Protein chains: 2
Amino acid sequence: MRETDLIRMIRGFAQQLPGRTGLIQGVGDDCAVLRPRPNEDLVFTTDFVIEDRHFTTDTHTAGDVGHKALARSLSDLAAMGAEPVFCLVSLAFPQKLTQPWLRGFYKSLMDLAGRYKIALAGGDLARSERITVDVMCCGRTARGRAMLRSTARPGDSICVTGELGGAAAGLVSKHGPNWLRQKRPQPRIEAGLKLRTIATAGMDLSDGLSLDLYRLCEESKCGATLDGRLPIAKGASLEQALHGGEDYELLFTVAPQVRIPKKIAGLPLTRIGAITNTPRKITLAGEPLRPLGFDHFR
Amino acid sequence: MRETDLIRMIRGFAQQLPGRTGLIQGVGDDCAVLRPRPNEDLVFTTDFVIEDRHFTTDTHTAGDVGHKALARSLSDLAAMGAEPVFCLVSLAFPQKLTQPWLRGFYKSLMDLAGRYKIALAGGDLARSERITVDVMCCGRTARGRAMLRSTARPGDSICVTGELGGAAAGLVSKHGPNWLRQKRPQPRIEAGLKLRTIATAGMDLSDGLSLDLYRLCEESKCGATLDGRLPIAKGASLEQALHGGEDYELLFTVAPQVRIPKKIAGLPLTRIGAITNTPRKITLAGEPLRPLGFDHFR
């Protein structure tokens, strides 16, 4: 498959979706062009998905990879409470990769894009030994309303959406709902949009609760105390719920006087602890909790 | 080097530059946040630089790689006539890569960023067997003023900035000015900003004149006739000027009644032909010119 043929195929997929308001030039030029409206902020994120690091071709179909590549970036938009607008998809792949694989990858990615009506606005293509995907997503929020990591305050409740540890358990069991959760993570876009009206701070859980909470505390210059009542996914262990990555649930904080709803966008919310004023110190049921989540370079 | 240490180093580099107007949240959160002003368009591009495809560690220093990774994306902004605003840098690399290499990479990238006062707003980090960089750049243009590929009209003059074939010649000779041009390409940002007032269409020359001109003609649904007077770089052949990639000069079209300046932003401009109304047919001195430039997948 030559580059021009591949671009033609991608453009075909890209044109299946009605253009999102504001995107006035998509696939085919040197850059995508977005015409922003006043009184809103745009947010941007980019995430790698790399063969033999984030997936293997033995265990993941082309569709799994396309879904996951976009879902990871969308999860970052959810973490900001942003509405998705468009994505750029860069794909490097070895010569042996077949045309059905490429179609399966883009079809699945566009299925997920279609659910949020976001445009595929461009990207880059290259050769590499391992399949390497980098997806950049742009989202929008009302001016000054993005959920940040740096704005949690001592006394705030710490909450999470959904259940924890499922993705890590799926990586071990390789079957059932947890394996599906691992292969096809669902970005919590709707929950993020609703949470930004009540949350003081938020982020997504990509590398495990212990490490991600540590990062939130570091950015907010505070500490945290967890009371030990975690919403552990069926089939997962406490260890997996605390330190397992790729759940892509949302971790957020809420001011103490605010009532926490039981559910939001169909997802259960659980209060798991509170923010303290001791920088970086995190405890679980009184014992120190070390950030043992997934460090990509350990 | 652990991920948190690496992020701290990157954030240090990112904070060396004064924040570009509009960027209200940079490195450290799930997304970068940009607050756009009305009456302007934002443009977005992303480009890979991959070890053993775009460079080798034998021939390119960390600084060469950092420079080239950002320069490739900036060249796409130049091709739209856009002013650079910020970049996201995603880097995947093998464990054996040293801390001095990482410092050299980011230092050189930030040197180039500093020249255009653009912020490093975020990115992603991952492990991979080959060094893989994907740089996303955002730029701005006045509303509706981005230089597109699709707006050339029959009768327009076809022009290029600078000289052609130098980067391809440098790849062979591996010394002198052409080798420097290959390793440290200069994005034509200033020229792009000035050209958008006179050009009808434009793009950057990344994959060779013959292939890139073919792409411009395809987007504009027209053809082209070249008269054979190309500005060939010293030490380069006609073949290299026609089909060699990575010159990162600008290819643009100008309405027939408009006078073409001899120089713009210090760069010579050369009229090399004219747009015709025969879709996709390109001739050089009367003979058909095939698009033999660099197809990444041939």
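Please treat every number below as a calculation from the coordinates, not as lab data. Predicted model only: the values in this text are computed from it and were never measured. Quick reminder, even Gly has a Cβ in these numbers, built from the backbone with ideal geometry, and neighbours come from all protein chains shown.
The table that follows gives values for the structure above.
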{"read-out": "Potential lengthening between B:Leu238 and B:Arg11 on full extension [0.36 nm per residue; Cα-Cα distance subtracted]", "value": "77.2 nm"}
{"read-out": "Fraction in percent of alpha-carbon pairs per bin - 5 Å, chain A", "value": "1, 6, 12, 16, 17, 16, 13, 10, 6, 3, 1, 0, 0"}
{"read-out": "Quarter of the Cα convex hull surface for the range A:173-266, i.e. its orientation-mean projected area (nm²)", "value": "6.6 nm²"}
{"read-out": "Zone residues, the range A:155-170, relative to A:Ala265, backbone N less than 15 Å from point 7 Å out along Cα-to-Cβ", "value": "A:160-163"}
{"read-out": "Whole-number Å³ per residue for the convex hull built on Cα positions in the range B:62-152", "value": "103 Å³"}
{"read-out": "Inter-copy separations for A:Asp52, label at 7 Å along Cα-Cβ, nm, ascending", "value": "0.9"}
{"read-out": "Computed magnitude of the charge dipole of the range A:112-188 (debye, nearest 20; Cβ of K, R +1, Cβ of D, E -1)", "value": "240 debye"}
{"read-out": "Per-pair calculated FRET efficiency, R0 = 30 Å: A:Arg153 and A:Leu292 via Cβ, rounded to 0.05", "value": "0.70"}
{"read-out": "Copy-to-copy label separations for B:Arg184, where each label sits 7 Å from Cα toward Cβ, in nm and ascending", "value": "5.1"}
{"read-out": "For A:Lys96, inter-copy label distances in nm, listed shortest first [label point 7 Å out on the Cα-Cβ vector]", "value": "2.1"}
{"read-out": "Helix-only CD estimate at 222 nm, as mean residue ellipticity for chain B, using -39500 (n - 2.57) per DSSP H run (n ≥ 4)", "value": "-9000 deg cm²/dmol"}
{"read-out": "Cβ-defined net charge surrounding B:Thr56, 13 Å radius [Lys, Arg +1; Asp, Glu -1]", "value": "+1"}
{"read-out": "From phi via Karplus (6.51, -1.76, 1.60), per-residue ³J(HN,Hα) for the range B:225-241 in Hz, x at Gly/Pro", "value": "10, 9, 8, x, 8, 9, x, 7, 5, 4, x, 9, 9, 4, 4, 5, 5"}
{"read-out": "Viscosity 1.306 mPa s, temperature 10 °C, Stokes-Einstein D of the range B:1-94 from Kirkwood C-alpha radius, µm²/s", "value": "103 µm²/s"}
{"read-out": "20 Å tail of the calculated P(r), the range A:1-160, as % of Cα pairs", "value": "51 percent"}
{"read-out": "Cα-Cα separations in the protein assembly as shown greater than 37 Å, expressed as whole percent", "value": "33 percent"}
{"read-out": "Placed amide H near B:Ile260: partners under 5 Å, 5+ positions off or other chain", "value": "none"}
{"read-out": "Among A:Arg271, A:Arg145, A:Arg115, residue whose mean-square fluctuation peaks in a GNM of chain A (springs only between Cα atoms under 10 Å)", "value": "A:Arg115"}
{"read-out": "Under the span-like rule (Cα at least 20 Å along the axis, Kyte-Doolittle mean at least -1.0), DSSP H helices of chain B", "value": "B:62-80, B:99-115"}
{"read-out": "Distance between the range B:76-103 and the range B:177-197 - C-alpha centres, whole angstrom", "value": "17 Å"}
{"read-out": "Space enclosed by the convex hull of the alpha-carbon atoms of the range B:97-207, per residue, Å³", "value": "172 Å³"}
